[in-house]
Amino acid sequence: KFNLAIEKASKVIQYHKSSEYMDRSVLLIGKSYFYLGDYLKAERKFSEFISKLKASRFLDEALLNLAKTQLRLENEKPALERFNDLIKNSDDRLVVSESYQSLAEYYLNKKDYTNAIKNFKSAIGYSNNSEFKAQMQFLVASVTNKLDPKKAVVEFDKVLDYNASFDLEYLAKYNTAKSMILSGDLKNANEIIEN
């Protein structure tokens, strides 16, 4: 479907240059290349967007996607600078939230768990999507579990404060019990397991 999206968006660009969908079409092509794993073409398309469509209301989204692409291409320094710039300057809470999430994933990959947790929590703070918050909180809890299983119990319990899917709710409860066992709280772990 990504190739089909590229084909259709290219037709909008080719035949309807003055269309209100022009900027979204360029962005869609870049995202499609990104999800296809063709990061060089994605980077080219996002760069084209940024240079030619500076007045677009989707500029911050293009900058965010360019930074994500640069991370995949192991061009870390400009990607990290771009994430931090978006965090400071973007008015779009979703872009800021996703920038924090991308930074958290970067730090997690580097095994810098403290910064990963900090950025996942910031992503939660800027998001308005309860399901997204539940997913990020689950990641906070999972990373915390690597550092301190006792603290992870509290973090896994917070997943239930948000609109977690059935699977995520189950995993949060399961991992709460697991963390309790690791921290020696067998009585409460047994209670959760029985429930």
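The values are calculated or read from the model by the stated rules, or taken from the named source; none is laboratory data. Bear in mind that the values here come from a model prediction, so they are computed numbers and not experimental data. So basically every Cβ, Gly included, is an ideal-geometry build from the backbone, and we count neighbours across all protein chains shown. The area values use the complete protein model at the heavy-atom level, side chains included, leaving out ligands, DNA and RNA. Shrake-Rupley method; radii C 1.70, N 1.55, O 1.52, S 1.80 Å.
What list of ³J(HN,Hα) values in whole Hz, one per residue of region 162-173 in order, does the Karplus curve 6.51 cos²θ - 1.76 cosθ + 1.60 (θ = phi - 60°) give from phi, with Gly and Pro shown as x?
The phi angles translate into 10, 7, 7, 5, 4, 4, 5, 4, 4, 4, 5, 5 Hz.
ASN163's amide H: which non-local residues (gap 5+, or another chain) put their own amide H closer than 5 Å, with H modeled 1.01 Å from N in plane and none for Pro or chain starts?
Here the answer is GLU131, ALA134, since their amide H atoms fall under 5 Å of that of ASN163.
Only four residue types carry charge here, +1 at the Cβ of Lys and Arg and -1 at the Cβ of Asp and Glu. Report the dipole size of region 5-58 about the Cα centre in Debye, rounded to the nearest 20.
Dipole about the Cα centre, nearest 20: 100 debye.
Treating the angle as unsigned and between 0 and 90°, give the value, to the nearest 10°, between the Cα long axis of helix 130-147 and the longest Cα principal axis of the chain.
60
Once each part is reduced to its C-alpha centroid, what is the distance from region 170-189 to region 122-159 in angstrom?
So the separation of the two Cα centres works out to 15 Å.
How many percent of the accessible area of region 1-160 is carbon or sulfur, using a 1.4 Å probe?
48
Principal axes first, then extents: for the Cα atoms of region 40-141, list largest minus smallest coordinate on each axis, whole Å, largest first.
Per principal axis, max minus min of the Cα coordinates gives 41, 28, 21 Å.
Could you rank the peptides 100-107, 62-69, 34-41, 129-136 by their average count of other C-beta atoms within 10 Å per residue, with the highest value first?
Going from most to least packed, we get 62-69, 100-107, 129-136, 34-41.
Determine the calculated [θ] at 222 nm for the chain from helices alone, applying -39500 (n - 2.57) to every DSSP H run no shorter than 4 residues and normalising by the residue count; nearest 500 deg cm²/dmol.
The helix-only estimate for the chain comes to -26000 deg cm²/dmol at 222 nm.
Work out the FRET efficiency for ASN3 and LYS111 from their Cβ-Cβ distance, taking R0 = 35 Å, and round it to the nearest 0.05.
With R0 = 35 Å, the Cβ-Cβ based efficiency is 0.45.
What base-10 log of the normalised intensity I(q)/I(0) is obtained for region 97-163 from the Debye formula, alpha carbons as equal point scatterers, at q = 0.27, 0.28 Å⁻¹?
-1.15, -1.20
If you wrap a convex hull around the C-alpha atoms of region 32-96 and split its volume per residue, what is the figure in Å³?
Convex hull volume per residue, Cα atoms: 78 Å³.
Using the crude model of +1 on Lys and Arg Cβ and -1 on Asp and Glu Cβ, and no other charge, please compute the dipole size for region 1-94 relative to its Cα centre, in debye to 20.
280
If you count only protein heavy atoms with a 1.4 Å probe, what accessible area per residue comes out for the chain, rounded to a whole Å²?
In whole numbers, the chain has 60 Å² accessible per residue.
In whole Å and largest first, what semi-axes does the C-alpha gyration tensor of the chain yield when each eigenvalue is scaled by 5 and square-rooted?
39, 17, 14
What is the dipole size for the chain, taken about its Cα centre, with +1 at each Lys and Arg Cβ and -1 at each Asp and Glu Cβ, in debye to the nearest 20?
560
In percent, how large is the relative contact order of the chain, given Cα pairs closer than 8 Å and 6 or more residues apart?
In percent, rounded to a whole number, it is 10.
Short version: ³J(HN,Hα) in whole Hz for each residue of region 92-100, in order, from phi by Karplus 6.51 cos²θ - 1.76 cosθ + 1.60 (θ = phi - 60°), x for Gly and Pro, what are they?
8, 4, 5, 5, 4, 4, 5, 5, 4
Run through region 1-57 and list the GluC sites (Glu not before Pro) located in a DSSP loop whose Cβ has at most 13 other Cβ atoms within 10 Å.
Answer by residue number: GLU20.
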